Amino acid sequence: MHTNRLGSRLLVPALVLLLLAASAWLGPVRAQKKLQTSPGGAHGEMDFPINWKQYYSYAEKTRIMQGLQKQYASLADLSTIGKSRMGRDQWMLTITAKSTGAPESKRAMWVDGAIHGNEINGVTCSLYFAWQLLTRYDYDPYVHGLVDRTTFYILPGLNVDANDSYATEPNTENNPREPYRPADDDGDGLYDEDQTEDVDGDGEISVMWIDDPNGEFRLSPDKRRFVRVTDPRDEGPRFRRLGMEGFDNDGDGRINEDDLGGPDPNRNFPFGWTLQDGWPYPMSENETRNVLEFQLKHPNIFASFHFHNTGRLIMFMAPPDVRATTMTAEQRTAQEARVAAQLAEMRKTDRYAQLFPRIAPADMQNDMDTQMAIVTEGAHILKDYTPTFSGLSGQAQASSYNMLGSFAYLIELWGPPPMAEVDRNGDGRMDEEEQQAWIDTELIGEGWIVPHRVKHPDLGDIWIGGSAKKHTGRTPPAPYMETEALRQTHFMLYAAAQFPRVEIDRVTVTPATGDLFWIDATVKNDRVYPTFSDRSLQLKRAVKDRLTLSMSPNVSLVEVPAGVVRLDPLNDQSAVTALSGMATEFRLRGRDSVRFRGLVKITGPDGWVDVRTESKFGGTDTKRLTIKVSGT
Amino acid sequence: MPPSDDRSRRIGRERQRAGRMSAGLAAALCLLLGAAVVASGQGAPPAAAKTATPPVALSFTGFHGYAAATDYLKKVAAAYPGITDLVEIGRSQSGRPIYVLVVSTRKTGVTIDGLVSLANPRKPAVSNVTPMKPYQGKPAQWIDGGTHGATLAGTEVCLYIIEKLVSGYGSDAEITRLVDDSAFYICPMVYQDGGVEAGKPAPRAETASTVNGNYPEGWWKDDNTPGGTGDFPSSSPEARAVLEFFTNHTNILLAQSFHTSGGYTLRPFARWPDSRIDPRDAAVFDRVLGRKYLELIGEPVPASWIEALPQGGAQVAPRTPGQPAGQGGRRGGVSGAAPAADQPSRRGTAAIDQPRAWRSAYNQERQEPGGYGAFADWAYGQFGAYTMSTQLWDSKRDTKAVPGDGLAALCETHWQFERFKATLLPHVEIAEVAAKLLYTTSQASKATATQSGDAVLIRKGGTPGRYKVVQITATIANTGSLPTQVAQGAQLRGNREDVIWLLGDPAKITFLEGTRWMRLGVLQGTLPLPAAAGPAAGVAGARGGGGGGRGGFGAQANQSPLAQMRQQRPDAAEPRQTGNRRVVSWLVAVEGDTPLRLAVTSQKGGTRVKDLVIQ
């Protein structure tokens, strides 16, 4: 109120004060080394330059992580969570400001990439995120505050054996996906005996074709593709598609029918596990088992992100649909129509609005609301990603949420090239010609394998080619890697910034009667995430928030009954929680506050009252009120 | 802590009695062993090294703790290298190795991976596949004890069985055949951290162990909260060691776990009602195994188990192995209600009249659901082995759990049961082979044909060579009592049908009809079981290699037009083959005198090879 009289002369300094006050929640601003004048430009990136236009082998990735840890030793630790089947360490970075506390003492975010061996875009995005956290710490107050208050466990490559193969060897888009447990995929008694091979030695695994007068394909006029024959009168050589490149290793007349590896690692987790998808047994693979065992030993993990390719999806864990088994098909159709109509209305003003036809159980509504808020903003940050519910069936994020109570996300990175770039004829799809054009233009023609003749020991004269190279479809090609990683970093930074923060808003002491006074404390969490999930409460893993009072000897708390009281019986908003003892438990949801009221007796001239809040995931806060009494 | 006076007096008396008994027992054992040594020199099947081996001493005057049991295993493995293999399958929570002693003749047995040589392997090669041991090519039986820290009698039974097998080899014809033709996987002490040492009395309470209850089948409760033990299924290192061993030794068809106490045996399921067991498996469990068990322990066998088996198909409630938490509703909703066919009877009342000593744990009179994560449920329901858990000792009927006569007699009873089960294992053999030469020439050379319009031009080239066209017909039979898989076993992921390979240099063989390997379905055994209700135990003709499974693409590239036509007209397929025999045939063109051999490989029925002689 007093500042009004000073008027606009203090406007600018006031704004500066406001900015500094806003950043006060981030902690004291350490020495900012460089004044950043280029918006969104490099903040410390040149202190540790990394080329983001390539996929790294296991050895190269390990060297990078070692280098980062060494250079940013006050912020990072490098450790292994265990070994893969073939003996490679799963290296993990633990990132937090050691000066503000040990990693286990802070709430944490878990990030892993490439549980599927071939989805190594996840390796890039995880590593990029770690790099941003470390290089920006001294330059960016936003990141500075996050790294002070939060621990980040980052495992860039999870399925390390297959990751290394995918980065360094010829592969199809789809393999090796699994850890290297041998499996008899075709039931012939042999294990992993017929794998894909690079028949023509060009470093790529493409498609094999054979001359066949009854075949359904012919060469395109530019001889770069095989296209379906549309006119049966078409003369000219015809071809039959044989399959992906490989030899008939076991002589049974089939090729590539029993490729390397066995169980899908993202069906190997215990929650929702089935034998058909998760063979042989839950947590059978070292690579996945090491992850769950680490998470079990680190209950400070509050949220986890898991990176996959492909599809541009933000898959999120949410409470189950409480009416799944009781709705009829007609009811369901009607509900979906209602939701679609409402969503269309919402999207008139916000194109990233989200609404789903799922009704959560009453005691899990807050988890649902929280996830809605987070993924809506995620859709905004990631631009062309679609939030969608995540499945169960033994997937990692299903166990993160349902067994541990962490908010969990599976991000399907990348997808077809952005429509704006590729859809020349405006039909909303990419056809084969448009794909060719995209490869020729954006990838300087380097993404294509032109059909060529090859002699095959089992099949005779064949053709190989007419397909895109690795790192065009499932994983992005070089020019797109950094944009993909940067957006994911922004999303994860946003999520981390929304981790709960329990703060004492204000404490007041007002006279009640005689030497009795009311002490009122308002505690708030103005972040999106609650101090713990509904699921963790169901699992009995939740640790309630605590408010503790301490006071000078001349101040004492008067026992009042516990419970919630309305100060104004007609006003719902005036509810306060009674402080019936020196310690009180409570719970803050996202964007929530609670008001406490206690009755204290103050005798003597001076005194003080301390209010302290402790929240497992929301941090600690204290406020001290000093009291001076004058008069009798 | 010193025991109370009263207790120490009782123990002292029992020890005296045991001491007297054990002296007699030791004498008896010596006599028996001496007799065995003498007998082994007369008319026994050849096992040269065995007869000269002095037996490894084993007495039952005290319980063997971890150290003594492990010591015994190592001594046996050293004394009988020709018929044993000591395998470490994992480590306990405290780091102690968990051992399985394999009892099987090392020189017999063949596995398919040793017979098929692979061409043009991927480079760089990944060495993730370990070669199978020869005994993995034989049907196998698992026996374990000591899953709980204080179930000491189970360990003793396992050691006794080992002793019987290794000392009977070469002298007892049946034991010798069993050890030659099948494999015993014996794990006397699954859980070793119970602090049990030899010579000390058994602890009164069961030491906490999270092993049984930590298996994946039925681990979750219906409300998606944990029901079994441990943080997650397989979290205990002991359970994981067992799970991993089974996964890598898929030739196990029979499994037995020893616990205490009560003097009865439980068959699957602990978690689910009997409606989930296929009638064919129920027949094996009750009428074959249960009947023998009850006879051995001297309890009455239900009359219906002795009557003839009903023929004809029966309804089976569908079951998804590894009942997933969170499934059941659409969109991953909360676990839905069990299907109607599954509704259990009111708890606390047995749904079916079951004998005291042979029943399913589900039918036990318990008011609350239970049986989460049981070993037998997993080994039967997800792995596909006939599995049972025996609670040794009945304190009302047997003497208390102290060493001496009572223990030895108990061991002998269960050894007889294990021996009986071993005689039931399937054995898949190539019963007959006929290789008929249809055509031979020594002027053949490679030819190509090109056609334009109505004119065909055939170009011959290359060096002429000899080749023959041969028709090969093979009859494969399962001579054992049990089928090669449990009822739905071949549908369980990780399991497969029986398969036959025609092996020879692929460059010199052209398949005109048939492919290099073909499926045989699941061969039944000689035991008459109810007819199959679900997916066929037989096969519509021996189908071409492949079909099903992921990846790969057809053998049509290599198939003759005749074979292709046959596949496209299912009504022209050969009559459905069922039962314990299959007939398969090929038509092949072979260059020169290149050798041919047949290999039939059944996951749990063994692998056999036969070289072909062309008439």
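I'm told A:G311 meets every condition in (1) surrounded by 24 or more Cβ atoms within 10 Å (Cβ to Cβ); (2) away from every other protein chain (no Cβ under 13 Å); (3) assigned to a loop (DSSP other than H, G, I, E, B) except one. Can you identify the failing condition by its number?
With respect to (1) surrounded by 24 or more Cβ atoms within 10 Å (Cβ to Cβ); (2) away from every other protein chain (no Cβ under 13 Å); (3) assigned to a loop (DSSP other than H, G, I, E, B), A:G311 is out only on (1).
With the requirement that a residue be touching a residue at least 24 places away in the same chain (Cβ under 8 Å) and either surrounded by fewer than 16 Cβ atoms within 10 Å (Cβ to Cβ) or closer than 16 Å to A:E484 by Cβ (or both), what does segment A:420-445 give you?
A:E432, A:E442, A:L443
Report yes if A:R240 is outside any strand (DSSP E or B) and either in contact with a strand residue (DSSP E or B) (Cβ under 6 Å, 6 or more places away or on another chain) or of a type in the set (K, R) (or both), otherwise no.
no
Out of the residues in segment B:510-551 that are in contact with a Ser or Thr (Cβ under 7 Å, 6 or more places away or on another chain) and hydrophobic (A, V, I, L, M, F, W, C), state the one that is modelled with the lowest pLDDT.
B:A537
Mind telling me which of the residues A:D384, A:D367, A:D350 ends up being of a type in the set (D, E, K, R) and either surrounded by 20 or more Cβ atoms within 10 Å (Cβ to Cβ) or in the same structural domain as A:Q538 (by TED's automatic domain parsing) (or both)?
That would be A:D367, the only listed residue that is of a type in the set (D, E, K, R) and either surrounded by 20 or more Cβ atoms within 10 Å (Cβ to Cβ) or in the same structural domain as A:Q538 (by TED's automatic domain parsing) (or both).
Say whether the condition of being polar (S, T, N, Q) and within 14 Å of chain A (Cβ to nearest Cβ) is met by at least one residue in segment B:100-110.
There is no residue in segment B:100-110 that is polar (S, T, N, Q) and within 14 Å of chain A (Cβ to nearest Cβ).
Do you know which residues across segment A:362-417 are within 14 Å of chain B (Cβ to nearest Cβ) and either within 25 Å of A:T472 (Cα to Cα) or among the aliphatic types (A, V, I, L, M) (or both)?
Matches in segment A:362-417: A:A362, A:M364, A:M368, A:T388, A:L392, A:A396, A:A398, A:M403, A:L404, A:A408, A:L410.
Quick check on segment B:227-250: of everything there that is facing chain A (nearest Cβ under 8 Å) and farther than 23 Å from B:M132 by Cβ, which residue is surrounded by the fewest Cβ atoms within 10 Å (Cβ to Cβ)?
The extreme case among them is B:D231.
For A:R424, state whether it is assigned to a strand (DSSP E or B), of a type in the set (K, R) and outside the structural domain of A:A303 (by TED's automatic domain parsing).
Taking the combined requirement at face value, the residue does not satisfy it.
Could you go through segment A:171-179 and let me know if any residue there is free of Cβ contacts under 8 Å to residues at least 40 places away in the same chain and buried (at least 24 other Cβ atoms within 10 Å of the Cβ).
no
Take A:G261 and decide whether it is within 14 Å of chain B (Cβ to nearest Cβ), of a type in the set (G, A, S) and in contact with a Pro (Cβ under 7 Å, 6 or more places away or on another chain).
yes
Could you tell me which of the residues A:D212, A:D252 is under 30 Å from B:A119 (Cα atoms), within 11 Å of chain B (Cβ to nearest Cβ), surrounded by fewer than 22 Cβ atoms within 10 Å (Cβ to Cβ) and of a type outside the set (F, W, Y)?
Result: A:D212 is the single residue among A:D212, A:D252 that is under 30 Å from B:A119 (Cα atoms), within 11 Å of chain B (Cβ to nearest Cβ), surrounded by fewer than 22 Cβ atoms within 10 Å (Cβ to Cβ) and of a type outside the set (F, W, Y).
Can you tell me which of B:G525, B:G514 is more than 9 Å from chain A (Cβ to nearest Cβ) and under 18 Å from the mean Cα position of the chain (by Cα)?
When all the criteria are applied, what remains is B:G525.
Take the residues in segment A:38-79 that are surrounded by 13 or more Cβ atoms within 10 Å (Cβ to Cβ) and hydroxyl-bearing (S, T, Y), then tell me which one is nearest to A:T100 (Cα to Cα).
Checking each candidate, the answer is A:Y72.
Say whether the condition of being under 37 Å from the mean Cα position of the chain (by Cα), basic (K, R) and either assigned to a loop (DSSP other than H, G, I, E, B) or loosely packed, with under 14 Cβ neighbours inside 10 Å (or both) is met by at least one residue in segment A:520-537.
Yes, the conditions are met somewhere in segment A:520-537.
Could you please give the count of residues in segment B:251-303 that are crowded, with 23+ Cβ neighbours inside 10 Å, in contact with an Asp or Glu (Cβ under 6 Å, 6 or more places away or on another chain) and under 18 Å from B:V157 (Cβ atoms)?
Number of matching residues: 1.
Could you tell me whether any residue of segment A:176-195 is more than 22 Å from A:P451 (Cα to Cα), among the aliphatic types (A, V, I, L, M) and away from every other protein chain (no Cβ under 14 Å)?
no
Is it true that A:L127 is in the same structural domain as A:V291 (by TED's automatic domain parsing), modelled with pLDDT of 95 or more, surrounded by 23 or more Cβ atoms within 10 Å (Cβ to Cβ) and farther than 30 Å from A:N174 by Cα?
no
A:P232: in contact with a helix residue (DSSP H, G or I) (Cβ under 6 Å, 6 or more places away or on another chain) and away from chain B (no Cβ under 13 Å), yes or no?
For A:P232, the condition - in contact with a helix residue (DSSP H, G or I) (Cβ under 6 Å, 6 or more places away or on another chain) and away from chain B (no Cβ under 13 Å) - is not met.
Could you list all residues from segment B:468-514 that are of a type in the set (K, R) and touching an Asp or Glu at 6+ places or on another chain (Cβ under 7 Å)?
Answer for segment B:468-514, where residues must be of a type in the set (K, R) and touching an Asp or Glu at 6+ places or on another chain (Cβ under 7 Å): B:R496, B:K508.
The values are calculated or read from the model by the stated rules, or taken from the named source; none is laboratory data. Note that the coordinates shown come from a computational prediction; the quantities given were computed from them, not determined experimentally. Virtual Cβ from ideal backbone geometry, glycine too; neighbours counted across all protein chains shown.
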